[in-house]
Amino acid sequence: MTQDELKALVGQAALQYVVPGEIVGVGTGSTVNKFIEALAGMKDRIRGAVSSSLASTERLRAIGVPVFDANEVKELSVYIDGADEIDGRGHMIKGGGAALTREKIVAAQSRRFVCIADESKLVTALGAFPVPVEVIPMATARITRQFAAMGGQAHLRLKDGAPLVTDNGQHILDVGGLRIQDPLAFESEVNQWPGVVTVGVFAHQKAAVCLLGTAAGVRTLQF
């Protein structure tokens, strides 16, 4: 199967975790786009969605799913999103699509995080994929030096030759050269650095389930 076909497979499989009559949390990215396509088939059986990005909001509305502001909803039963990496304990690196802050907000609002990914995303330790960190622009240089002190190389993410601007109006540093042995401690430490909006390590909001697309079908990991 192609990577695109694997994404469609897990996107379809994620429908079994959507609770009829409730509002579903929806993430961002190419795998989630496949889930949104599949969700069109049961849109009349849910109340709507809370979305983690403007791009996903547009896709949901295009298929007729009402999108609620996160502040209008007390709690979500499930949040469905992809990952750039996931380890054997359900810890993830997320933010390749630049929506990490809103993704973490919706994940924290949900009782259960269901990760959908293809098998290439499963790793023994996080860090081969550069860790996205959303930062307030005036703190970029100092945060870059802080990562250098721990052995990481931080690079400002660009789009069309200029710094990429997130949905929140901030910038993103992509940090390579890290091997994260203790994701919980790493997330807690970096989140406390002044100027960091969110670090793209999801350990406090880790996955409860991962639907992994493989050549043999969907493999379900429980954490």
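The values are calculated or read from the model by the stated rules, or taken from the named source; none is laboratory data. Source: prediction; values computed, not measured. Don't worry about glycine lacking a Cβ; one is built from the backbone with ideal geometry, like all the others, and counts go over all protein chains shown. Heads up: the accessible areas ignore ligands, DNA and RNA and are worked out on the full protein's heavy atoms, side chains in. Shrake-Rupley method; radii C 1.70, N 1.55, O 1.52, S 1.80 Å.
Apply the Karplus curve 6.51 cos²θ - 1.76 cosθ + 1.60, θ = phi - 60°, to the phi angles in segment 83-99 and return the couplings in whole Hz, x for Gly and Pro.
Running phi through 6.51 cos²θ - 1.76 cosθ + 1.60 with θ = phi - 60° gives 8, 7, 8, 9, 9, x, 10, x, 6, 9, 10, 9, x, x, x, 6, 10 Hz.
Over the Cα atoms, compute the radius of gyration (one decimal) and Dmax (the largest Cα-Cα distance, rounded to a whole number) for segment 71-126, in Å.
11.8, 38
Do the sum for the chain: with -39,500 (n - 2.57) for every DSSP H run of n ≥ 4, divided by all residues, what is the mean residue ellipticity at 222 nm, to the nearest 500 deg cm²/dmol?
So the calculated ellipticity at 222 nm is -7500 deg cm²/dmol.
What is the Cα coordinate range of segment 141-223 on the first, second and third principal axes, sorted by size from largest, in whole angstrom?
For segment 141-223, the Cα spread along each principal axis is 45, 32, 24 Å.
Which label marks the calculated value of Rg and Dmax of the Cα atoms in Å, given the options (1) 16.9, 52; (2) 16.9, 49; (3) 17.9, 63?
From the options (1) 16.9, 52; (2) 16.9, 49; (3) 17.9, 63, the structure gives (1).
How big is the C-alpha Rg of segment 34-156 next to the rule-of-thumb value 2.2 N^0.38 Å, as a ratio? Can you show the working numbers first?
Details: Rg = 16.6 Å, N = 123, 2.2 N^0.38 = 13.7 Å.
Cα Rg divided by the expected 2.2 N^0.38 Å: 1.21.
Using a 1.4 angstrom probe, figure out how much accessible area the chain has per residue, in square angstrom, rounded to the nearest whole. Walk me through the intermediate numbers first.
On the way: 9960 Å² over 223 residues.
Here the residues of the chain average 45 Å² of exposed surface.
If I compute solvent accessible area with a 1.4 Å probe over the protein chains, what percent of it on segment 65-223 is carbon and sulfur?
Using a 1.4 Å probe with all protein chains present, segment 65-223 comes out at 52 percent carbon and sulfur.
Evaluate the relative contact order of segment 36-104 (contact order divided by residue number), counting alpha-carbon pairs under 8 angstrom at least 6 apart; express in whole percent.
27
Along the Cα→Cβ direction, 7 angstrom out, place labels at S188 and A40. What is the inter-label distance in nm?
Spacing of the two 7 Å Cα→Cβ label points: 4.5 nm.
So if we plug the beta-carbon distance of Q16 and R142 into 1/(1 + (r/R0)^6) with R0 = 45 Å, what FRET efficiency do we get, rounded to 0.05?
So, using R0 = 45 Å, E works out to roughly 0.50.
Could you list which residues have their amide H under 5 Å from that of V135, counting only those 5 or more apart in sequence or on another chain, with H placed in the peptide plane?
H171, I172, L173, V197
Leaving out ligands, DNA and RNA, what percent of the accessible area of segment 19-60 is carbon and sulfur, probe 1.4 Å?
45
What dipole magnitude, in Debye to the nearest 20, does the chain give about its Cα centre under +1 on Lys/Arg Cβ and -1 on Asp/Glu Cβ? All intermediate terms of the calculation are to be shown ahead of the outcome.
Numbers: 22 positive and 23 negative charges, 39 e Å.
Dipole about the Cα centre, nearest 20: 180 debye.
Pull up the DSSP beta bridges for segment 9-137 and report the antiparallel fraction as a percent, rounded to 5.
Values: 2 of 15 bridges.
Bridges in segment 9-137 that DSSP calls antiparallel: roughly 15 percent.
Which order, highest average first, do 115-127, 22-34 follow once you tally other Cβ atoms within 10 Å for each residue and take the mean per peptide?
The packing order, highest mean first, is 22-34, 115-127.
Can you tell me the relative contact order of the chain? Whole percent, Cα pairs under 8 Å, sequence separation 6 or more. Kindly include the intermediate steps, with their values, before the conclusion.
Working: 495 pairs, mean separation 50.5, N = 223.
Normalised by residue count, the contact order of the chain is 23 percent.
Which entries in the list K74/K121; K43/K121; K74/K159; K43/K104; K7/K74; K159/K206 go over 27 Å, if you measure between the two C-alpha atoms of each?
K74/K121; K43/K121; K74/K159; K7/K74; K159/K206
With a cap of 11 neighbouring Cβ atoms within 10 Å, and only residues DSSP puts in a loop, list the trypsin sites (Lys or Arg not before Pro) found in segment 141-192.
Loop-located and lightly packed - R179.
Give a residue-ordered list of calculated ³J(HN,Hα) values for segment 200-214 (Karplus: 6.51 cos²θ - 1.76 cosθ + 1.60, θ = phi - 60°; whole Hz; x for Gly, Pro).
Running phi through 6.51 cos²θ - 1.76 cosθ + 1.60 with θ = phi - 60° gives x, 9, 9, 10, 6, 10, 7, 6, 8, 9, 10, 9, 9, x, 10 Hz.
Decide, for segment 1-45, between rounded, prolate and oblate: order the square roots of the alpha carbon gyration tensor eigenvalues as a ≥ b ≥ c, take rounded if a/c falls under 1.5, and otherwise choose prolate if a/b is larger than b/c, else oblate.
It is prolate, given that a/c is not under 1.5 and a/b is the larger ratio.
Which percent, nearest 5, of DSSP beta bridges in the chain are antiparallel?
Rounded to the nearest five, the antiparallel share is 60 percent.
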